[in-house]
1. Multiplying the sequence separation of D86 and V206 by 0.36 nm and subtracting their Cα-Cα distance, what value in nm do you get?
2. Quick one: if you stick a label point 7 Å off each Cα along the C-beta vector at S63 and K188, how many nm between them?
3. Test of understanding: what is the full-extension gain from Q128 to H114, defined as 0.36 nm times their sequence separation minus their Cα-Cα distance?
4. Find how many whole Å separate the alpha carbon centroid of the range 75-107 from the alpha carbon centroid of the range 146-203.
5. How do 65-74, 81-90 rank on mean C-beta neighbours within 10 Å, highest first?
6. Along the range 107-121, what does the Karplus equation 6.51 cos²θ - 1.76 cosθ + 1.60 (θ = phi - 60°) give for ³J(HN,Hα), rounded to whole Hz, x for Gly and Pro?
7. Dipole magnitude of the range 77-158 about its Cα centre, charges +1 at Lys/Arg Cβ and -1 at Asp/Glu Cβ only, in debye to the nearest 20?
Amino acid sequence: MRTRRTAVSRGRRRHRATPRPGGSRTDWRRFALAFPLTVLLAAGTVATTSAAEIPLSFAVAGSPFTVTAARLEATDATQFVSFRQDAQGAPHSVAVVGIRSARITQLCQSAVAHTPLGTATLVIRSGQDQPVRADNMVIDLTDLTGDMTFESVEMGRDAATLTTGPRGPAGTYGQQAQSLTITGMRLKAWSLTAGMFSLAGASMSVKGGEKPCA
C-alpha cells in the first residue's frame, strides 16, 4: 500500500508598502547680464525648492546653447549667482534664474556640436501661432540681453531667503520679482530644466556648420 504525502505549502509573507508622508516697477533698456568668475566661485552649490523638485545635479555639455525669443512673460522670477560643472569637472560661472510660469513667443533654440566628422547645429523653433508654455523652469545662463521690465522687484536680497523657486547659498547676492517681461531676448545658457515645457507646432532641424539662432 502506497502512502500519499501531502505537500504543505508555506505561507508567504505579505509585504505592505509603507505609506510616504505626505510694487515698484523698473525698466532696464538693453540690459546685459554677466558675472565674473571670481564672484561666482563663492556662490557654492545650488539648492532647489521648486514645486516640481527639478534636479540640478547633472553634468552640463562642453559648450553653452543659444536661445532667442521675441518676448518672454514670466511670474515669480528669482536670480542668484553660482557655477556648474561639466563632465570633466571644470566649473562654469552662471546666473541661476528660476521662473514659476512663463509664456515665450517666437522661441528659437540652437546648440552647436563639434564632432570628429565636423561641426553641426541643432535648431528647435516654436510655432508662430501659440507661445511656448513653461512651468517651474530653471536656467543656468552666462549672458542675457534684451529690454527687461521687473515689477515688485527686490535686488540685493540674500539668496538663501528667496521666497519662490530655487534658492542659493547664504550670504550671496539674490534678487526676485513678481513678474518679469523681456522683449528682444537673447541668452546663452549651460542648462535648462522645467517641470513642463510645451511647444505647439514646433520644428527641429540639423544644419552643417555653426548656424545658431540669429
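What follows is calculated from the coordinates using simple rules that are stated; it is not laboratory data. Model, not experiment: these values are computed from the prediction. All Cβ positions, glycine included, derive from the backbone under ideal geometry; neighbour counts span all protein chains shown.
1. My answer for the length gained is 40.8 nm.
2. About 1.0 nm separates the two model spin labels.
3. Details: separation 14, 0.36 × 14 = 5.04 nm, distance 2.99 nm.
Full extension from Q128 to H114 adds 2.0 nm.
4. Their Cα centres are 7 Å away from one another.
5. On the way: 65-74: 20.2, 81-90: 15.8.
Peptide ranking by packing, descending: 65-74, 81-90.
6. Listing the rounded values in order: 7, 9, 10, 9, 9, 8, 10, 9, 10, x, 9, x, 9, 9, 10 Hz.
7. Values: 6 positive and 9 negative charges, 46 e Å.
My answer is approximately 220 debye.
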